[in-house]
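The values are calculated or read from the model by the stated rules, or taken from the named source; none is laboratory data. Just so it is clear, the structure is predicted and the values come from calculations on it, not from any experiment. Here the Cβ positions follow ideal geometry from the backbone for every residue, glycine too, while neighbour counts run over all protein chains shown.
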Amino acid sequence: MNLNPRHTQLLEEVRARGPQTIEALAERFGVTLQTVRRDVQRLAEAGLLSRFHGGVRLPVSTTENIAYRQRQRMSSEAKIRIARAVARRVPNGCSLIMNIGTTIEAVAHELRHHRGLRVITNNLHIASLMSGHPDCEVIVAGGQVRSADQGIVGEATVDFMRQFRVDIGLIGISGIEADGTLRDFDYREVKVARTIVEQSREVWLAADHSKFNRPAMVELARLDDIDVLFTDLPPSPPFDELMAQGHVECVVCGDDHDAP
């Protein structure tokens, strides 16, 4: 299709900020909801965007994740806000398991002033970051190292994680679907993450708004398996209702404060 200037700007907005609601796009561009819906319909028909209930996102695969370096750049400001909010809630002198993901890596960076932490991880980026922090013990899982992102996965990793019982299991996710399932792409990574959930007294999920309504292939858990969700925007229906039903605490991480 031939893109007019508004089509191009709309695409760039979704690429830069992740999934957007129709209402947010209409406000951003100063046009009516009907105009945005027409634009979105044309872009979706051309395969440039994917629609979901009430909003739009870039087309995604259910079988393959976005490349690691691209994931690092996506929603970077939101990840920093989430990481800072998570770090504020982590007490000194506690034990954590931290898994694979760029948001969890951002949390590791924000924990650099904590004291007395014992961190178990299957992420070599986190191990490198945390091992340089004063008064922090880092334990690295064994297993197969994925060259794409330095994550450690496999049955050996699962067996290793089963040795521990920690205060906080801090996990990331690739997608949260509308039925409340938490999903990821690599079944080996998912098996490790399931074990982290089982071996943690509290499970904290760090996920920016782009993860909502994003499909992925392998089910990891459900929202009601989580104790606390840290995100950057208030979740829209049906996610807010699902969290209320599952007694999941939702921490919305704004620029200056966190609102329950």
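If we keep just the residues of the stretch 174-211 that are among the aliphatic types (A, V, I, L, M) and out of contact with any Ser or Thr (no Cβ under 9 Å at 6 or more places or on another chain), which is farthest from Arg118 (Cα to Cα)?
So, considering only residues that are among the aliphatic types (A, V, I, L, M) and out of contact with any Ser or Thr (no Cβ under 9 Å at 6 or more places or on another chain), the one farthest from Arg118 (Cα to Cα) is Ala178.
What number of residues within the stretch 1-46 satisfy the criterion of being small (Gly, Ala, Ser), more than 27 Å from the chain's Cα centre (by Cα) and under 22 Å from Ala78 (Cβ atoms)?
The qualifying residues number 0.
Pull out all pairs, ordered by first then second residue, where Cβ-Cβ is under 9 Å, the residues are six or more apart or on different chains, the first lies in the stretch 237-251 and is loosely packed, with under 13 Cβ neighbours inside 10 Å, and the second is of a type in the set (Phe, Trp, Tyr) and at pLDDT below 95.
No pair meets every condition.
Within the bounds of the stretch 202-224, is there any residue that is modelled with pLDDT of 95 or more, among the charged types (D, E, K, R), in a strand (DSSP E or B) and over 25 Å from Ser50 (Cα atoms)?
Yes; the residues of the stretch 202-224 include at least one that is modelled with pLDDT of 95 or more, among the charged types (D, E, K, R), in a strand (DSSP E or B) and over 25 Å from Ser50 (Cα atoms).
Within the stretch 118-138, track down each residue that is more than 21 Å from Lys79 (Cα to Cα), over 23 Å from the mean Cα position of the chain (by Cα) and not charged (D, E, K, R).
Ser131, Gly132, Pro134, Cys136
Using beta carbons and a limit of 8 Å, which pairs, at least six apart or on different chains, have the first residue in the stretch 45-56 and within 14 Å of Glu23 (Cβ to Cβ) and modelled with pLDDT under 85 and the second one hydroxyl-bearing (Ser, Thr, Tyr) and surrounded by 14 or more Cβ atoms within 10 Å (Cβ to Cβ)?
As it stands, the answer is Gly54/Thr21; Gly54/Ser236, since those pairs meet every condition given.
How about the stretch 152-199: which of its residues are over 15 Å from Ile120 (Cα atoms), in a strand (DSSP E or B) and among the charged types (D, E, K, R)?
Arg183, Asp184
Only one of (1) touching a Ser or Thr at 6+ places or on another chain (Cβ under 7 Å); (2) more than 28 Å from Leu223 (Cα to Cα); (3) modelled with pLDDT under 95 is not met by Asp135, so which one is it?
Going through the list (1) touching a Ser or Thr at 6+ places or on another chain (Cβ under 7 Å); (2) more than 28 Å from Leu223 (Cα to Cα); (3) modelled with pLDDT under 95, Asp135 breaks only (1).
Of everything in the stretch 122-141, what is in a loop (DSSP other than H, G, I, E, B), on the phi < 0 side of the Ramachandran plot and not small (Gly, Ala, Ser)? Give them in sequence order.
The answer is Asn122, His133, Pro134.
Hey, can you tell me all the residues within the stretch 219-234 that are surrounded by fewer than 21 Cβ atoms within 10 Å (Cβ to Cβ) and in contact with a Phe, Trp or Tyr (Cβ under 7 Å, 6 or more places away or on another chain)?
Asp227, Val228
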